[in-house]
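The values are calculated or read from the model by the stated rules, or taken from the named source; none is laboratory data. Predicted model only: the values in this text are computed from it and were never measured. Here the Cβ positions follow ideal geometry from the backbone for every residue, glycine too, while neighbour counts run over all protein chains shown.
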Amino acid sequence: MIIAVDFDGTLVENLYPKIGFAKRDVFDYVKARKNQGDTIILWTCREGELLEDALSFCKENDLIFDHVNDNATRVTKAFGNNSRKIYADIYIDDKSLSSIKHSTRSRTTMKELRICEIRADAAADAKTLIITGMPIMYDTPTVINDKKGQYTEIIRNGALDSADLSDARLLYNHDLNKVPLARTPKTMQLIRDPAGLRMVADLPDTPEAKSVHTAVVRGDLSGMSFAFTVPKGGDRYDPATNTREIFKISKIYEVSIVPFPAYPQTSIEARSAMQESARVEREKQAAIITANTIMMKEV
């Protein structure tokens, strides 16, 4: 299959001619399709140095295209020419991202975003800049104020037993354009703990890292967001109590120190499953009410 994907507004936030923050879910989806053997074409209005900047950014994020603003070889052979119009089976741009998220349910798992607090040591003689946090606390009910609605979430003990903790990066404000502050396993440890997941990061001796560490010590920065994925069948939602239980986490991805923690983001898969469970529960209750009404009329 041939997939043509746009850059600005699709793979990254639209800050043209600058390059915005990477949209990790779209990057992961496109890379997963490429790994499955699909042909990936970058389909963009960028050219010259702006195009080279985009290609370099994608390469740094492990995405290399088969073609750039050009048709696949098998297409030109089939039609006998190389039309200016790019032929693809799927076109991905910022107008079609909702359909991309829908299709990823059978291909890959969307990441979820949560918020936790961070701490830093303030010892005067410390030679290292250490930041710690507890991203996940087992068996602790947490109210998730997702953009689509509020619900209670509980990550059960053992959910991290088989989770991939091997390649997570510590960033400031999700900025992939800057060097990470730390990265597992050398300068950041994600540690399975009886109570959940602990994070310990050793920041580099750089002006930016020092300013971040100082801000955390002072309390100017206190929020940290972390991204993870839940596999199919790894959670359960009870519409009666509006509670989601997570029994298995596949992978911990990016961890970011953020000045303004955003809303938690629940995956498309989880949100859809929760909405479906709620719909079934409503229909069940409506059926019970209808049956009781009919029985009362017959009495």
Quiz item: Right, ALA273: in the same structural domain as ASN145 (by TED's automatic domain parsing), aliphatic (A, V, I, L, M) and at pLDDT below 75 or not?
Solution: yes
Quiz item: Among the residues of segment 136-165, how many are touching a strand residue (DSSP E or B) at 6+ places or on another chain (Cβ under 8 Å) and within 18 Å of THR241 (Cβ to Cβ)?
Solution: 14
Quiz item: Which one of these does ASN14 not meet: (1) surrounded by fewer than 16 Cβ atoms within 10 Å (Cβ to Cβ); (2) at pLDDT 85 or above; (3) under 22 Å from SER256 (Cβ atoms); (4) not β-branched (Val, Ile, Thr)?
Solution: (2)
Exercise. Please work out which one of (1) modelled with pLDDT of 85 or more; (2) among the hydrophobic types (A, V, I, L, M, F, W, C); (3) out of contact with any His (no Cβ under 7 Å at 6 or more places or on another chain); (4) surrounded by 17 or more Cβ atoms within 10 Å (Cβ to Cβ) is the condition LEU129 fails and give its number.
Key: (3)
Quiz item: In this structure, does THR39 turn out to be within 16 Å of MET1 (Cα to Cα) and surrounded by fewer than 14 Cβ atoms within 10 Å (Cβ to Cβ)?
Solution: no
Exercise. Please enumerate the residues belonging to segment 251-270 that are at pLDDT below 70 and surrounded by 14 or more Cβ atoms within 10 Å (Cβ to Cβ).
Key: PRO261, PRO264, GLN265, THR266, SER267, ILE268, GLU269, ALA270
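Yes or no, residue by residue, for (1) modelled with pLDDT of 70 or more; (2) surrounded by 12 or more Cβ atoms within 10 Å (Cβ to Cβ):
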position: GLY48; (1), (2): yes, no
position: LEU55; (1), (2): yes, yes
position: LEU63; (1), (2): yes, yes
position: SER96; (1), (2): no, yes
Quiz item: Which numbered condition trips up LYS31, out of (1) surrounded by fewer than 21 Cβ atoms within 10 Å (Cβ to Cβ); (2) over 20 Å from TYR253 (Cβ atoms)?
Solution: (2)
Practice problem: Considering every residue within segment 165-174, establish whether at least one is at pLDDT 80 or above, surrounded by 13 or more Cβ atoms within 10 Å (Cβ to Cβ), of a type in the set (Asp, Glu) and within 19 Å of the chain's Cα centre (by Cα). | Solution: no
Quiz item: Is it the case that segment 201-221 has a residue that's crowded, with 16+ Cβ neighbours inside 10 Å, assigned to a loop (DSSP other than H, G, I, E, B) and either under 24 Å from the mean Cα position of the chain (by Cα) or modelled with pLDDT under 70 (or both)?
Solution: yes
Self-check item: Exclusive hit being assigned to a loop (DSSP other than H, G, I, E, B) and surrounded by 16 or more Cβ atoms within 10 Å (Cβ to Cβ), set LYS248, LYS232, LYS178, LYS186
Solution: LYS248
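Filter segment 107-116 down to residues that are outside any loop (DSSP other than H, G, I, E, B) and either touching an Asp or Glu at 6+ places or on another chain (Cβ under 8 Å) or at pLDDT below 75 (or both) and give me whichever is nearest to VAL230 (Cα to Cα). Let's see the steps before the verdict.
Initially, segment 107-116 is screened for residues outside any loop (DSSP other than H, G, I, E, B), giving 112-116.
This time we only want the ones that are either touching an Asp or Glu at 6+ places or on another chain (Cβ under 8 Å) or at pLDDT below 75 (or both), so: 112-113, 115-116.
Working: GLU112: 8, LEU113: 11, ILE115: 16, CYS116: 18 Å.
So the residue we want is GLU112.
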Quiz item: Do the conditions hold for PRO239, that is, is it surrounded by 15 or more Cβ atoms within 10 Å (Cβ to Cβ), out of contact with any strand residue (DSSP E or B) (no Cβ under 7 Å at 6 or more places or on another chain) and of a type outside the set (Ser, Thr, Tyr)?
Solution: yes
